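First the structure, in the form of structure tokens, and then the observations on it.
The values are calculated or read from the model by the stated rules, or taken from the named source; none is laboratory data. Computed from a predicted model, the values in this text were never measured in an experiment. Cβ coordinates were reconstructed from backbone atoms using ideal geometry, including for glycine residues, and neighbour counts include every protein chain displayed. Heavy atoms of the whole protein, side chains included, go into the accessibility calculation; ligands, DNA and RNA do not. Shrake-Rupley method; radii C 1.70, N 1.55, O 1.52, S 1.80 Å.
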Amino acid sequence: MNILRLHDLKKNYNGTYVLKGINLVIDEPQIIGYIGPNGAGKSTTIKILAGIIDSFEGEATVLGMDVRKDALQIKQSIGYIPEQAALYDVLTPLEYLRFTGRLYQLPDAVIEKKSWELLRLFELDEKANMRMTGFSKGMRQKVLLISGLMHNPDIIFLDEPLNGLDANAVILVKEILAQLKQAGKTLFYSSHIMDVVEKISDRIVIINKGETLADGTFETLKADAARGSLENIFTALTGDEQHQTTAGAFVDVLKS
Amino acid sequence: MEKWLLKIVHIFDGVFRRQGIDISQLYAIVETKMTLDKRRVYMNWRQSDQSDNKNHLLMVLAVYGFFSVFMGAMIFFLPSFILAMIFLHAYIIFMMAMTLITDFSTVLLDTTDNQIILPKPVNSRTLFMARQVHILLYLFQFTIAMCLIPVVCVGLKYGILTGLAAAITTLLSVLLAVFFTYFLYLLVLRFSSEARAKEAVTWFQIAMTVFFAVGYQIIPRMINMSEFADRFELHWYSYLLPPVWMAVALESVYTLQADFTHLLVIILAVSLPLLLFWILNKYLAPSFTARLSAINTEARDVSKKNQGVVRKSLITRLSSWFTRTNLSKAGFEMVWNITGRDKSFKLQFYPSLGYVFVFIFIFVFNSGRNVGASWNELSSTTKFLWFIYLPMFTVANALLFITYNENFAASWIYRSAPVKKPGELLLGGLIALFIKYFLFIYMAMLAISLYIWGWKILDDFLFGLANDYLCFLILGSIGKQYLPFSRQPNTRQQTGRFLLAILQMMIVAALVGMHYLVIKVPAALYVLLPVVLAACWLLQQNLRNLPWKKIAV
């Protein structure tokens with residue numbers, strides 16, 4: 001049984017295809033970096049896999065279950081952590097986690113216990129009873145991470161999970177991801193920059209404009225890029241030369 | 001308009017320069033702040049109308065101008081000079097203070113200056129003067145909108161001299177309002193945090209909205225109060241109120257009386273506002289600024305004591321009493337918590353709770369005419385039906401309001417979590433609204449009705465409770481279904497709302513008619529109550545099992 005399988009996945013929004021036939025098979029627990037520039041179709045892919053979008057073309061299965069038919073069962077065994085820290089911020093972390101935990105059908109006592117312990121580990125226990133309106137983006141992201149993982153899912157989809165986290169939190173989350181993998185979980189991780197992904201991913205999938213451009217380890221991709229086949233997109237994602245020229249121009253304008 | 005206002009300020013350029021103020025910086029700051037004023041979202045105004053770059057401030061000023069027409073009419077038609085003047089000055093002080101508290105609070109409580117302007121090479125005199133000029137211009141615009149028409153009316157009816165004097169006393173009243181506002185803010189900031197202060201502002205805004213609605217009902221009626229005006233006289237304690245000083249001072253100008261009392265009051269009316277304003281500038285404003293820079297340092301957490309304690313709050317207990325499944329508990333607690341905290345929900349919904357009492361007054365007492373007679377024959381009527389059903393109508397509005405939230409994007413969680421029966425979330429939320437808002441008002445209505453009609457209406461209220469719950473379920477079941485807090489605010493109402501509203505009215509009318517039957521034939525109660533309860537149960541089941549495809553996005 002494949003952990004995850006996409007076959008010729010297409011999605012069109014009002015006549016334009018944002019996904020033009022994605023193929024992907026994951027057979028063993030690993031960390032997959034799903035990389036592409038903004039607007040490449042990363043979030044759409046993840047939303048289809050998480051059962052949030054149910055109208056698409058092609059096939060998508062998670063843990064051997066069809067995303068269209070068994071969405072509820074799939075949702076119970078995956079975790080989804082969206083980008084841009086969207087949560088009901090007038091609630092306190094404890095209230096929010098109780099709310100989402102109940103949506104996952106966890107018993108109240110379990111929710112209560114896990115919330116406290118996880119918040120403590122993220123150093124948010126002192127703020128557990130404070131409304132999140134005053135929280136920084138990093139603090140909200142931590143709460144979202146807890147809410148997406150509390151039901152101990154087998155596959156975890158993360159959409160730009162490190163956005164807005166402070167440097168220490170980034171290190172902590174990376175370590176958590178690594179340990180989750182050792183515990184036999186599959187992590188599907190999207191980002192628009194190569195930076196962090198290259199270090200923790202077992203496998204990197206690059207997509208652009210709804211198509212997969214490359215699929216392999218960081219080393220093989222780098223080798224390919226050197227041979228020229230991937231050069232442009234790779235430069236854009238790792239962002240070296242182009243940024244140097246922009247930065248140079250910026251300083252020049254300041255001088256003028 | 002701001003260009004025109006700034007031209008006035010330009011007159012003082014020389015004075016500014018002599019004080020070491022950088023003119024171009026001063027105008028840069030003032031102009032920017034005035035642009036911000038125009039774009040700020042004002043209350044008393046539907047948010048949907050404030051979406052783009054229109055000049056919102058101008059519209060707000062127009063509303064105040066419109067209200068001041070009423071005051072002008074009042075001055076013309078109220079025969080008692082002194083009473084009219086008391087009303088006018090009370091109105092100005094009240095409205096000005098309320099405006100400052102509700103709308104200007106963002107400016108007064110603004111701490112962004114500290115981050116944006118202080119790091120730049122602006123000297124403190126320039127910044128201080130820029131703030132003063134901005135606040136004065138803001139006040140000036142509102143003063144004109146509020147006072148111009150009434151003052152002109154005073155001049156027309158009571159002579160130019162009185163009109164000029166009224167211009168001075170209204171300005172003095174504005175000074176008093178400014179002082180009261182600052183004082184109130186200092187008090188709030190002294191004893192609590194910035195977040196608390198902002199919450200207090202929300203309550204003032206709600207009070208303001210209710211006041212507007214009530215004022216709209218009452219001020220036109222005040223014009224016919226000649227009976228009251230004839231009997232009106234000033235007691236010694238009236239002199240404790242600032243509007244009375246202003247009115248008496250004006251009376252002295254109008255009647256050219258100058259006895260001891262009048263002179264004393266004139267001195268009081270002129271000197272006290274000036275003295276208070278001086279105190280404000282000298283002592284209060286600096287400590288206000290100091291306090292503001294203090295609150296900008298991050299608010300500290302206070303609730304350390306609850307750590308690790310699994311505490312059963314009131315809400316958790318309520319949700320376990322009234323709901324059974326995990327999902328409906330989630331819906332119940334979420335709706336309960338967010339409705340109590342979300343500012344825009346509170347501003348939309350809480351004023352309508354205040355209206356309930358106004359409407360009851362209007363319906364039950366036939367527009368307030370001959371209150372005494374209506375009161376005496378009230379106990380022999382069936383008007384308690386208003387008391388039973390009007391609250392339900394009001395609270396049912398909340399069913400629509402809870403579908404909106406500024407954080408609507410957070411509703412992804414409904415779709416990413418394995419939610420089998422979204423209807424349970426809806427039902428939980430509906431029950432939360434019913435318990436939290438409806439029952440509360442219903443109890444108040446019951447208390448009033450028991451006082452008027454006695455114990456014989458108790459069974460009506462019992463039947464009414466079941467009937468109201470049924471109506472509530474019906475209103476919650478027809479139309480498009482949205483999960484709580486999942487819609488973007490300001491999205492347009494879908495078409496067909498009108499037909500839906502008619503349908504709702506008909507259903508509710510039928511149910512109220514049924515109650516009327518119970519009043520006529522008391523035995524019908526024992527037949528109808530079980531029927532109503534059974535209908536409630538059926539509708540609950542129906543809502544609970546609502547499939548995903550019936551949930552609109």
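A Förster distance of 25 Å, applied to the separation of the beta-carbon atoms of B:Arg190 and B:Lys282, puts the FRET efficiency at 0.90.
Only protein atoms count toward the accessible area here, which uses a 1.4 Å probe; on chain A, the carbon and sulfur part of that area reaches 50 percent. Site pair B:Leu264 and A:His7 shows an inter-label distance of 9.9 nm when each label is modelled 7 Å from Cα along Cα→Cβ. Accessible area per residue for the protein assembly as shown is 48 Å², calculated with a 1.4 Å probe on protein heavy atoms, without ligands, DNA or RNA. Averaged over the residues of A:119-129, the number of partner chain Cβ atoms lying within 10 Å of the residue Cβ comes to 3. With q set to 0.08, 0.18 Å⁻¹, the log10 of I(q)/I(0) for segment B:314-550, from the Debye formula over equal scatterers at the Cα positions, is -0.33, -1.47. Of the trypsin sites (Lys or Arg not before Pro) in segment B:456-553, the ones in a loop by DSSP (not H, G, I, E or B) with at most 11 other beta carbons within 10 Å are B:Arg492. Note on segment B:411-484: Cα-Cα pairs beyond 18 Å make up 52% of the total pair count. Put the Cα centre of segment B:391-448 next to the Cα centre of segment A:130-187 and the gap is 31 Å. Place a point 7 Å from the Cα of B:Lys420 along the Cα-to-Cβ direction; which residues of segment B:328-368 have their backbone N under 16 Å from it? Residues passing the 16 Å test: B:328-330. Less than 5 angstrom separates the built amide H of A:Asn208 from those of A:Leu213, all sequence-distant by 5 or more or on a different chain. Distance from the alpha carbon centroid of segment A:1-35 to that of segment B:312-343 works out to 39 angstrom. Computed from backbone phi with θ = phi - 60° and the Karplus coefficients 6.51, -1.76 and 1.60, the 3J(HN,Hα) list for segment B:134-139 is 4, 5, 5, 5, 4, 4 Hz; x is used for glycine and proline. Principal axis extents of the C-alpha atoms in chain A (largest first, rounded to whole Å): 56, 53, 39.
Take the alpha-carbon positions of segment A:84-208, form their convex hull, and give its projected area averaged over all directions (one quarter of the hull surface) in nm². The Cα convex hull of segment A:84-208, projected and averaged over all directions, gives 7.9 nm².
Over the protein assembly as shown, the reciprocal of the mean inverse Cα-Cα separation, the Kirkwood hydrodynamic radius, stands at 31.5 Å. Placing pseudo-labels 7 Å out from each Cα toward the beta carbon at B:Ser24 and B:Trp548 gives an inter-label distance of 6.2 nm. Counts of other chain beta carbons within 10 angstrom of each beta carbon in peptide B:415-426 average 6.
Loop-located GluC sites (Glu not before Pro) in segment A:1-91 (DSSP state other than H, G, I, E, B) with a sparse environment of at most 11 neighbouring Cβ atoms within 10 Å are absent. Between B:Leu499 and B:Ala62, the contour length at 0.36 nm per residue exceeds the Cα-Cα span by 154.0 nm. Applied to segment A:164-177, the Karplus parametrisation 6.51 cos²θ - 1.76 cosθ + 1.60 on θ = phi - 60° returns per-residue 3J(HN,Hα) values of x, 7, 6, 4, 5, 5, 4, 4, 4, 5, 4, 5, 4, 4 Hz, with x for Gly and Pro. Residues B:Tyr254, B:Tyr526, sorted by accessible area with the largest first, give B:Tyr526, B:Tyr254 [1.4 Å probe; ligands and nucleic acids excluded]. Remark: segment B:258-265, residue by residue, has Karplus-estimated 3J(HN,Hα) of 9, 7, 4, 4, 4, 4, 4, 5 Hz, where x stands for each Gly or Pro and the curve is 6.51 cos²θ - 1.76 cosθ + 1.60 at θ = phi - 60°.
When all protein chains stay in place and ligands, DNA and RNA are ignored, the 1.4 Å accessible-area order of B:Leu473, B:Leu528, largest first, is B:Leu528, B:Leu473.
Give me the tail of P(r) for segment A:4-99 as a percent: Cα-Cα pairs with distance above 16 Å. Cα-Cα pairs of segment A:4-99 separated by over 16 Å account for 62 percent. Excluding ligands, DNA and RNA and using a 1.4 Å probe, chains B and A jointly bury around 3400 Å² of accessible surface, summed across both partners. Calculated FRET efficiency, A:Ile176 to A:Leu72, Cβ-Cβ distance, R0 = 30 Å: about 0.65 to the nearest 0.05. Legend: mean number of C-beta atoms from other chains within 10 angstrom of residue C-beta atoms, peptide A:92-104, equals 6. In percent, rounded to a whole number, the relative contact order of chain A is 26, using alpha-carbon pairs under 8 Å and six or more apart. Across B:Trp537, B:Trp548, B:Trp245, the residue with the most accessible area heads the list, and the full order at a 1.4 Å probe is B:Trp537, B:Trp548, B:Trp245.
Treating r as the C-beta distance of A:Glu123 and B:Ala524 and R0 as 45 Å, the FRET efficiency rounds to 0.10. By DSSP, the beta bridges lying fully in segment A:4-216 are antiparallel in about 55 percent of cases.
So if I take the centroid of the Cα atoms in segment B:120-134 and the same for segment A:52-126, what is the distance between those two points in Å? Cα centres, segment B:120-134 to segment A:52-126: 50 Å. A:Val25 contributes an accessible area of around 60 Å² to the protein surface, as traced by a 1.4 Å probe with all chains present. Annotation: the antiparallel percentage among DSSP beta bridges lying fully within the protein assembly as shown is about 50.
Counting only residues at least eight positions apart within a chain, or on another chain, the lysines with an alpha carbon under 24 Å from that of A:Lys69 are A:Lys10, A:Lys11, A:Lys20, A:Lys42, A:Lys47, A:Lys185, B:Lys420, B:Lys421, B:Lys549, B:Lys550.
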